[in-house]
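Chemist: I am attaching a structure below and will ask some questions about it afterwards.
The values are calculated or read from the model by the stated rules, or taken from the named source; none is laboratory data. These numbers come from a predicted model, not from an experiment. Here Cβ is always computed from backbone atoms with ideal geometry, including for glycine, and neighbour counts include all displayed protein chains. Accessible surface is based on the protein model in full, side chains and every heavy atom, while ligands, DNA and RNA are left aside. Shrake-Rupley method; radii C 1.70, N 1.55, O 1.52, S 1.80 Å.
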Amino acid sequence: MVLNGLSVDIEDWFQVGAFERTIRREDWDGLLPRVERNSDAVIALFDRAGAKGTFFTLGWVAERYPALIRRIVDAGHEVASHGWDHVRVFTMTPDQFRADIRRARAVLEDAGGRAVTGYRAPSFSIDQRTPWAHEILSEEGYAYSSSVAPVVHDHYGWPEAPRFAFRPVAGSALVELPVTTARLMGRIVAAGGGGFFRLFPYAFSRWAIRQVNKQDRRPAIFYFHPWEIDPGQPRVAQAPFKSKLRHYSRLAAMEGKLERVIREFSWGRVDVVAAHQAATLG
Ligand SMILES: [Zn+2]
């Protein structure tokens, strides 16, 4: 059985890309926080389903909830970086990017007491516009990144990128693990979790993960968010209709679906999967 990468991007309901034009960063601290209780629910879910995973966490969250970071570590999961406050990489300069990941890592390592060796860009925002990003991750000593979505999508995507693990910087050991995609009717489509997993029938995700494991003989890299298992989160009435449709649909069914996919396949921490892939890349 192929060991697949299980991951969750730790951010609150008001920090998602879909609401970034509706909710200002300076207002975040005044909003009802749900990230700690929802992340604890994810820890409990992983525990029930018997899987370890990676928590790509915002530095902003770790600064406010250091005890949560400790609980993630104590439960045997990996704490990795999701940057400081969800600014997309392609909107930053190289210097801003370096400062962002340094600040986040310092707080994450301080709270968790473990080295942070993995990074996931907010909204998979490493693409053809940021040829310097992987180089900076390598210089900063990261072992892996899982920041590329090799698809065409309205908010993100780098369709020319490889679909599976690759070394993005010549002469560096850094491994990039793109989020899982599937081949469907001659097209490459996103199939690695998040909204796709929540909105589409379970059978689609099961088919896609099987295709990747059996035909491509590769691990799937799967992700979701803590707010996706929280039907009780506050509603952002002013957000665009399409954003609201995507964000609020089928939240109540998500936890059961996640438990099912975790039980049906073999899952582990992304740092473990990255090490396996690094060994096959030579
Ligand atoms: Zn995110």
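Chemist: Filter the trypsin sites (Lys or Arg not before Pro) in the range 5-64 down to the DSSP loop ones having no more than 13 other Cβ atoms within 10 Å, then list what survives.
Modeler: When the trypsin sites (Lys or Arg not before Pro) of the range 5-64 are filtered for loop state and at most 13 Cβ neighbours within 10 Å, ARG21, ARG24 remain.
Chemist: Taking the Cα atoms of the range 93-187 alone, what are Rg (to one decimal) and Dmax (as a whole number) in Å?
Modeler: 14.0, 47
Chemist: Under unit Cβ charges (Lys, Arg +1; Asp, Glu -1), what dipole magnitude, rounded to 20 debye, does the chain have relative to its Cα centre?
Modeler: The calculated dipole for the chain is roughly 1060 debye.
Chemist: Let me ask you something else. Provide the gained length on full extension for the span GLN215 to GLN128, in nm with one decimal, where the gain is 0.36 nm per separating residue minus the Cα-Cα distance.
Modeler: Contour length minus the Cα-Cα distance gives 28.5 nm.
Chemist: Could you order LEU32, LEU108, LEU199 so the one with the most accessible surface comes first? Probe is 1.4 Å.
Modeler: Descending accessible area places them as LEU32, LEU199, LEU108.
Chemist: Mind listing the long-range amide H neighbours of GLY193? Cut-off is under 5 Å, sequence gap 5 or more, other chains count too, H placed in the peptide plane at 1.01 Å from N.
Modeler: So GLY193 has HN proximity to TYR223.
Chemist: Moving on. Need one number: convex hull volume per residue for the chain, Cα atoms only, in Å³.
Modeler: Measuring per residue, one finds 123 Å³ for the Cα hull of the chain.
Chemist: In addition: Simple spin-label model, 7 Å along Cα-to-Cβ: ALA67 to VAL169 in nm?
Modeler: Those two pseudo-labels are separated by 3.8 nm.
Chemist: Here is a further query. Per residue, how much accessible surface does the chain expose to a 1.4 Å probe? Answer in Å², no decimals.
Modeler: Per-residue accessible area for the chain comes out at 42 Å².
Chemist: Let me ask another. Cut-off under 29 Å on the C-alpha distance; same-chain residues fewer than 8 positions from LYS244 excluded. Which lysines are left, in chain and number order?
Modeler: LYS257
Chemist: Work the Kirkwood hydrodynamic radius out for the range 176-282: mean of 1/r over every pair of different alpha-carbon atoms, inverted, in Å.
Modeler: Taking the inverse mean of 1/r over all distinct Cα pairs, the range 176-282 comes out at 15.2 Å.
Chemist: Based on the Kirkwood radius over alpha-carbon pairs, what is the Stokes-Einstein translational diffusion coefficient of the range 67-140 at 10 °C with 1.306 mPa s viscosity, in µm²/s?
Modeler: Translational diffusion coefficient: 125 µm²/s.
Chemist: Among ALA253, PHE124, VAL175, which residue has its Cα furthest toward the positive end of the charge dipole of the chain, with +1 on Lys/Arg Cβ and -1 on Asp/Glu Cβ?
Modeler: Of the listed residues, the answer is ALA253.
Chemist: Quick check for me: using +1 on Lys/Arg Cβ and -1 on Asp/Glu Cβ, what's the dipole size of the range 1-140 about its Cα centre, in debye to the nearest 20?
Modeler: 220 debye
Chemist: I would also like to ask the following. Counting only other residues whose beta carbon sits under 10 Å from that of LEU68, what net charge do I get with K and R as +1, D and E as -1?
Modeler: +2
Chemist: Where does the chain land at 222 nm, in deg cm²/dmol rounded to the nearest 500, when only DSSP H runs of n ≥ 4 count, each adding -39500 (n - 2.57), divided by all residues?
Modeler: Value at 222 nm, helices only, nearest 500: -10500 deg cm²/dmol.
Chemist: How large is log10 I(q)/I(0) at q = 0.16, 0.17, 0.19, 0.30 Å⁻¹ when the Debye formula is applied to the Cα atoms of the range 27-77, each weighted equally and without solvent?
Modeler: Summing over Cα pairs of the range 27-77 leads to -0.47, -0.52, -0.63, -1.30.
Chemist: Could you look at the range 87-192 and say what percent of its accessible area is carbon and sulfur, using a 1.4 Å probe and all protein chains?
Modeler: Of all accessible area on the range 87-192, carbon and sulfur atoms account for 54 percent.
Chemist: For ALA275, project a label point 7 Å along Cα to C-beta. Then give me every residue of the range 108-142 with its amide nitrogen under 17 Å of that point.
Modeler: Backbone N within reach: 114-119, 142.
Chemist: Also, quick follow-up: Run the numbers for ALA237 and ARG37: contour at 0.36 nm per residue of separation, minus the present Cα-Cα distance, in nm.
Modeler: 69.7 nm
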